[in-house]
Structure formats: C-alpha cells, structure tokens
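Below is one structure, written out as structure tokens; comments come after it.
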Amino acid sequence: MNDWILAHETPIRLGFFFGLLALFALWEALAPRRERRLPRLLHWYSNLGIVFLNSFLGRILMPILPMALAALAVEQGWGLFNLLVFPEPLPLILSVVLLDFFIYLQHVMVHALPLLWRLHRMHHSDLDYDVTTGARFHPLEILVSLWIKLALILVLGPPVLAVLVFEVVLNGMAMFNHSNLKLPLGLDRWLRLLVVTPDMHRVHHSTNPREANRNFGFNLPWWDRLFGTYKDQPAFGHEAMEIGIDLFREPRDQHLHQMLIQPFRPEARTYGFNDLSEKER
Ligand SMILES: [Zn+2]
Ligand SMILES: [Zn+2]
C-alpha cells in the first residue's frame, strides 16, 4: 500500500491540484465576491509561476520529502503512532488533525517573528484574493515549512496515507478558502463550523493589522476559536475591505521577479505582531 502511494504521489497531487484549480477558477468567475484589481493574466502568471518554482526547488533542495520520510518512519518504528498501538483509523484521523493544528501554530509564528514575517508577507502582498493566492508562498517559506513538516513527521510517525490526505486536503482547502467566491451567507455560517471558508480567511488578508492577525487556520476553523484568534467579519465588509499589505501596493510589486525579492527589501516594518501592539497602545 505504502509503496503504491509513494509511486503515485505526483500524479495524485497534480490531478487534485489542476482539477480543483479549474473548478474554483470557474466557480469564482461565475459567482465573484469582489471586483478584481489586477489583470488576471499578470496575477496568474506570477502566482502560478511561483507554484512551479516551489515544486521544482522542493524536489532538488530537500534531502527527503514528507511522504518518503513517513514511509521510512513506519519501517524504522519512529514517532508516536509507530511506537504506540492505536485502534484504526485513529492514527489516520489524529495525524491529519494534529498536522493541521501545527500548521496553525506555524502560521501564527510566521506572523510573530519578524524574520519569518519577511518570508510570509509575500503571501499577504497579493492585492487580489483568488484561487491562485492560496498557492502563493515564497520559496524560502516553503523550504522552512517543509523542514518543520519533516520534524513533525519524525515526532508523530503518521501513516503515509495520512500525509498524502493532509497534503491533498491542505492544498485543496487553501485553494477553496482563497477563492473569490460568493457563498450564500447562511451556507457560509454553517460551513465555517467545520472548515475555513473564503469569507473567514479573507479577513486574514486585510490591510488592517487587527484583522490580518486573526483567522490563521487553513483547514479546520476550531483552532482560531479555541485560542482567541477568531474574527467573524471584516469591519468594512468583504466588498469594501482593503486586501494586501501597506508596504507593497505598486503594480510592479505583483510581478514574479519582484515578489521573489520582497523578503530582502529594506522596508522591514509593516504589521507584524510588534506593529499591532504599537497601534493598540
Ligand atoms: Zn498569514
Ligand atoms: Zn492566506
């Protein structure tokens, strides 16, 4: 089973990625929530360009990828779920939920630490919010995130299938909740009891630091509610709220080559947690 999953990881992940990209792109074209600010061609060239770059760099720069490490951990008996016996399918469910919790904590951390915020702010510098924003992460942030995931896999020892499910679900959910979708408000209210919806995560992309330092969850909405980082709606409403960060608002900042150098640009201060506390004082 594990060998089969490892041999088919790439086609499975690519199939879900392109299938869901097409689905949500069509959906947001038919029922958009907000007007676009950027030409779609530029937006997609930059955001999808970074996706291809990231998958390429991950493969050549990482010594091992998460699923291969999970398989090795099973073989060697490393990690919680390989050391202790749990009834099935508990290891699968618990692994996916715990990985999601740690991704939430990691997201809080990249906002809180100035050096990591430099990497993460490229995700927030998008002036539009659509399906491709969900995959727009700086290559250095992707590498940091892959190392953290490897460490988690060593500690947890999740089943290989759990890592595949988590990667596919995280990827798909990130595309869903960054989509420029207009969901009926009643449906959104119910849906966000179970998953992070586009309206819930859009609050996190506000230029207002009080809103951008809320709603850190990517899949499950419970962590934000549990740890007090939940915000229901943006103050100015979803159509009028400003998306992005104050630092990078020029059209040229949305070009792929400019996005890649954003972490190294001298202007360090935007809203990190530091800035937030200053404004609240
Ligand atoms: Zn963020
Ligand atoms: Zn986001």
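The values are calculated or read from the model by the stated rules, or taken from the named source; none is laboratory data. None of these values were measured; they are calculated from a predicted model. In this analysis, Cβ positions are derived from the backbone assuming ideal geometry, glycine residues included, and neighbour counts consider all displayed protein chains. Surface accessibility is based on the protein's heavy atoms, side chains included, excluding ligands, DNA and RNA. Shrake-Rupley method; radii C 1.70, N 1.55, O 1.52, S 1.80 Å.
Pairing each residue of the range 171-192 that is free of Cβ contacts under 8 Å to residues at least 40 places away in the same chain and in a helix (DSSP H, G or I) with any residue that is surrounded by 21 or more Cβ atoms within 10 Å (Cβ to Cβ) and not β-branched (Val, Ile, Thr), provided the two are 6+ apart or on different chains, yields C-beta distances under 7 Å for ASP188/ASP199. When you look at HIS124, is it within 16 Å of ligand 1 (Cβ to nearest atom), over 30 Å from VAL74 (Cα atoms), in contact with an Asp or Glu (Cβ under 7 Å, 6 or more places away or on another chain) and at pLDDT 95 or above, yes or no? No: the conditions fail for HIS124.
Among the conditions (1) hydrophobic (A, V, I, L, M, F, W, C); (2) in contact with a Ser or Thr (Cβ under 9 Å, 6 or more places away or on another chain); (3) under 19 Å from ASN171 (Cα atoms), the only one that PHE81 does not satisfy is (3).
Consider the range 203-221 and keep the residues that are of a type outside the set (Gly, Ala, Ser) and touching a Phe, Trp or Tyr at 6+ places or on another chain (Cβ under 6 Å). The one that is farthest from ligand 1 (Cβ to nearest atom) is PRO209.
Of the residues LEU150, LEU164, LEU127, which single one is assigned to a loop (DSSP other than H, G, I, E, B) and out of contact with any Phe, Trp or Tyr (no Cβ under 6 Å at 6 or more places or on another chain)? Exactly one of LEU150, LEU164, LEU127 is assigned to a loop (DSSP other than H, G, I, E, B) and out of contact with any Phe, Trp or Tyr (no Cβ under 6 Å at 6 or more places or on another chain), namely LEU127. The residue pairs whose first member lies in the range 58-75 and is more than 18 Å from HIS8 (Cβ to Cβ), whose second member is of a type in the set (A, V, I, L, M) and open to solvent by 60 Å² or more (accessible area, probe 1.4 Å), and whose beta carbons are closer than 7 Å, counting only pairs six or more residues apart or on different chains, are ALA73/LEU154.
Among all residues of the range 44-52, there is at least one that is more than 26 Å from LEU183 (Cβ to Cβ), touching a Phe, Trp or Tyr at 6+ places or on another chain (Cβ under 8 Å) and open to solvent by less than 20 Å² (accessible area, probe 1.4 Å).
For the range 99-118, the set of residues classified as part of a helix (DSSP H, G or I) and of a type in the set (A, V, I, L, M) consists of LEU99, ILE103, LEU105, VAL108, MET109, VAL110, ALA112, LEU115, LEU116, listed by residue number. Residue check: is TRP223 aromatic (Phe, Trp, Tyr), outside any loop (DSSP other than H, G, I, E, B) and open to solvent by 70 Å² or more (accessible area, probe 1.4 Å)? For TRP223, the condition - aromatic (Phe, Trp, Tyr), outside any loop (DSSP other than H, G, I, E, B) and open to solvent by 70 Å² or more (accessible area, probe 1.4 Å) - is not met. For PRO11, the stated conditions do not hold, so it cannot be described as within 25 Å of VAL131 (Cβ to Cβ), open to solvent by less than 30 Å² (accessible area, probe 1.4 Å) and not hydrophobic (A, V, I, L, M, F, W, C).
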